[in-house]
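Below: the structure, in structure tokens.
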Amino acid sequence: MEELIKFGHSTIIINSLDELMFNMETHKFTSLKSDKKVWFSMWFLGAIITFGIALFPMFYRLIENRNKHFKKEETIEKQVINYLQHQKKTVPKINKHPHKMNRKIWTAAIIFVIPVFIITYLLSKDLAMHEAEQDNFLAQAFPERIFMAQTIPIKTYALITIVTLGFGIIYWLYKIVNQYNAHFRAHIQLEKKIASLMEEKKNGE
């Protein structure tokens with residue numbers, strides 16, 4: 001038995017409980033929270049004024065944002081897979097996301113300095129891998145994708161850091177913070193595009 005249900009100003013015919021759940025998933029997809037950005041210049045200036053103390057909350061925020069974003073991406077991919085299954089289309093293999101970093105332990109560890117280099121490297125590597133796998137996933141799910149992976153020259157950043165006897169880590173950190181911010185900005189448009197494609201194809205059934 002068909003049931004008429006109204007979502008906002010749209011009228012949708014629901015043929016089954018599965019389709020009702022699908023529409024609820026699509027609505028939830030468009031309601032995901034936006035990622036929080038970190039402004040490197042503000043935190044770096046704060047670190048100078050506080051003799052490095054401000055670096056602790058900055059790294060905490062960076063790691064927290066990384067963890068939350070990758071977790072959100074898992075949710076998005078699961079919802080896209082549910083959509084493709086509902087459409088009876090080929091389902092791409094879900095990506096293996098980077099492991100969650102313990103933000104408290106890693107943040108506390110920067111007091112030994114060396115972890116600063118390790119965290120910066122991990123943030124760079126994880127973002128590069130995340131973008132490449134995300135682009136591959138979307139290429140299979142939506143040929144109309146608009147997201148393109150950034151170029152993250154980790155070897156170049158590492159070389160600059162070595163040549164400058166470690167001081168280049170400031171430049172590397174500055175660049176990777178900006179690249180995460182750029183990724184978050186692009187993701188806002190990406191999420192809108194995916195939601196739009198899902199809605200268009202669903203209505204075109």
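Odds and ends about this structure:
- Residue order for Ser34, Ser124, fewest other beta carbons within 10 angstrom first, comes to Ser34, Ser124.
- Remark: spin-label model distance Ser41-Glu74 equals 3.6 nm, labels positioned 7 Å along the Cα→Cβ axis.
- Legend: ranking of residues Trp172, Trp43 from fewest to most surrounding C-beta atoms inside 10 Å; resulting order Trp43, Trp172.
- Scalar couplings 3J(HN,Hα) for segment 158-175, obtained by applying the Karplus form with A = 6.51, B = -1.76, C = 1.60 to θ = phi - 60°, are 5, 5, 4, 5, 5, 4, 8, 6, x, 6, x, 4, 5, 5, 4, 5, 4, 5 Hz; x denotes Gly and Pro.
- Euclidean distance of C-alpha centroids, segment 56-102 and segment 120-173, integer Å: 17
- Estimated vicinal HN-Hα couplings, Hz - segment 99-107 in sequence order (Karplus 6.51, -1.76, 1.60; Gly, Pro = x): 5, 5, 8, 6, 5, 6, 5, 5, 5
Read the figures in this text as sums done on the coordinates, not as results from a lab. Remember, it's a predicted structure, so these values are computed and weren't measured experimentally. So basically every Cβ, Gly included, is an ideal-geometry build from the backbone, and we count neighbours across all protein chains shown.
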